[in-house]
Structure formats: C-alpha cells, structure tokens
Amino acid sequence: MPVPELPFETASWARRVLALLVDYVACWGVMLLIYGGTWFGSGPLPSVYLNLLFVGESALLMALSGGSFGQLATRLRVVRVDGSGRPLSLLVALVRQVLICLVIPPLVFRPDGRGLHDMICGSATVPLLPRQAAS
C-alpha cells in the first residue's frame, strides 16, 4: 500500500542536526549551572541526566509550542501530518524524543525526509515559513 505524499515540504537534515546540537548545548549549559564543573568526569550518570533533561525539555516545549528549544531557535516546527494544526500531545512528544535518543529511528527515513520516529508518531519536522503579505 503506497504512503500518500505530504502536502508540505519537510525541513532539511542540516537544520535538523543544527537544532539537535542547539538543544544539547542548551542542556549542557543547564547541567553546568546545576552541578558546576564537578559534573564532568563523574562516570556514566551525568550522560543519563543530560539525556533525561533533553527528552523532558524537548517533549514539553514540543507539546506546548510545536518544537524544542533548538527547533524554535532554528525556525523549525513539528507538525501533525493529519493537517489538524494542533501540536503533538505530551505523550506522543515524549515517545518521539525517546525514539530520537535511540539514534536508529531518525536514520531510517523515507524519501520525503520523515524518519521512523516521525512515521510512528504521525509527525513531520517542517521549516517555519514567514507569513505571506496579504495583497
């Protein structure tokens, strides 16, 4: 059964990776503010905390505003492919972010740019386009 084409263009991989890097740098900054320099070199536990912070931050912001901090900063949004215009629910956003942390789902993708995590959650990452001036 063929999958229908999306009525919009998805974001480029370069902007998605940039958004992910911005998210992780922001999470690193928060962890440094909380724990200070002692956070580095403390075994595997800090990386677990960093990933939990990333999943929590990005899922909460995605459910509230349509994108994580990094996605908002790079002018990307996560939208539902059903065309409803509503942001993802918190549970769906959490599942999507956990799948991203597993690394493999984003690397398995369709020609339209949607990764396995987007296909499972019924979402797509799109660039935020400026509003067209009314003529």
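The numbers here are math on the coordinates, done by the rules we state, and not lab data. Bear in mind that the values here come from a model prediction, so they are computed numbers and not experimental data. Cβ sites come from the backbone with ideal geometry, for glycine too, and all protein chains shown count toward neighbours.
Taking chymotrypsin sites (Phe, Trp or Tyr not before Pro) in DSSP loop conformation with at most 15 other Cβ atoms inside 10 Å as exposed sites, the chain has its longest uninterrupted site-free stretch at 41-135. Net charge dipole, the chain: roughly 180 debye, given to the nearest 20, about the Cα centre with Cβ charges of +1 for Lys and Arg and -1 for Asp and Glu.
Gain on full extension, evaluated as 0.36 nm per residue between residue 8 and residue 107 minus their Cα-Cα distance, stands at 33.5 nm. Between residue 67 and 62, 78, the built amide H atoms are under 5 Å apart, and every one of these is 5 or more places off in sequence or on another chain. Modelled label positions at residue 28 and residue 65, each set 7 Å beyond Cα in the direction of Cβ, lie 2.2 nm from each other.
Sequentially through region 15-32, phi angles give Karplus couplings (6.51, -1.76, 1.60; θ = phi - 60°) of 5, 5, 5, 4, 4, 5, 5, 4, 4, 5, 5, 5, 5, 4, x, 5, 5, 5 Hz, Gly and Pro residues having no value and appearing as x. Computed from phi, the 3J(HN,Hα) profile of region 114-119 under the Karplus parametrisation 6.51, -1.76, 1.60 (θ = phi - 60°) reads 7, x, 4, 4, 6, 5 Hz, with x in place of Gly and Pro. Taking amide H as placed 1.01 Å from N in the peptide plane, residue 123 has its amide H under 5 Å from the amide H of 81, each at least 5 places away in sequence or on another chain. Stretching residue 50 away from residue 38 to a fully extended chain increases their span by 2.9 nm, per 0.36 nm per residue minus the current alpha-carbon distance.
Computed from backbone phi, the HN-Hα couplings of region 74-83 come to 9, 6, 10, 9, 9, 10, 6, 7, 6, x Hz, rounded to whole numbers (Karplus: 6.51 cos²θ - 1.76 cosθ + 1.60, θ = phi - 60°; Gly and Pro given as x).
Which one, 97, 117, 64, projects farthest toward the positive side of the charge dipole computed for the chain from Cβ point charges (K/R +1, D/E -1)? Of the candidates, 64 comes out farthest on the positive side.
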